[in-house]
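Shown next, in structure tokens, is the structure this report addresses.
The values are calculated or read from the model by the stated rules, or taken from the named source; none is laboratory data. Keep in mind the model is a prediction, meaning the values are calculated, not measured. Every residue, glycine among them, receives a Cβ derived from its backbone with ideal geometry; neighbour counts consider all protein chains shown. Note: accessible area is taken over every heavy atom of the protein model, side chains too, but ligands, DNA and RNA are not part of it. Shrake-Rupley method; radii C 1.70, N 1.55, O 1.52, S 1.80 Å.
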Amino acid sequence: EKKSYNLNTLAAVYAEEGRLDAAHEVFLKSLQVANSQTLLPSDWYVVGLMAEGYGLTDEARRAYLKIPPTSLDPLSVSILAQRRLAKIPNELKAHPGVTKP
């Protein structure tokens, strides 16, 4: 299980660096090693980072919103996701008839 967390962290680093192909490959490997049917908050964070990297801001927002705000630790995935959400332009404001996902 620890190996899957290490791979997840590496995928996040690659995504932050814009190395999206490497991030995707390592992320898939982390999921395989974890052998779980459910994505963890750290997984959703990597999904959000990769979506942002590809310019898919709505998908990134949806991924970050799946991470429950459970920690006050400034380096927790919930706080990191909240920071990323704050940086994503809110296109929903431009379309008043659209409801939040």
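Within region 10-19, can you find the residues that are closer than 18 Å to L80 by Cβ and more than 11 Å from the chain's Cα centre (by Cα)?
Correct list: L10, V13, Y14, E17, G18.
Restricting attention to region 59-79 and to residues that are modelled with pLDDT of 95 or more and not in a loop (DSSP other than H, G, I, E, B), the residue that is surrounded by the most Cβ atoms within 10 Å (Cβ to Cβ) turns out to be Y64.
With respect to L10, is the statement that it is at pLDDT 95 or above and either within 26 Å of P89 (Cα to Cα) or among the aliphatic types (A, V, I, L, M) (or both) true?
Spelling it out, L10 is indeed at pLDDT 95 or above and either within 26 Å of P89 (Cα to Cα) or among the aliphatic types (A, V, I, L, M) (or both).
Does at least one position in region 21-40 carry a residue that is open to solvent by less than 60 Å² (accessible area, probe 1.4 Å) and touching a residue at least 40 places away in the same chain (Cβ under 8 Å)? Among the residues of region 21-40, not one is open to solvent by less than 60 Å² (accessible area, probe 1.4 Å) and touching a residue at least 40 places away in the same chain (Cβ under 8 Å), which makes the answer no.
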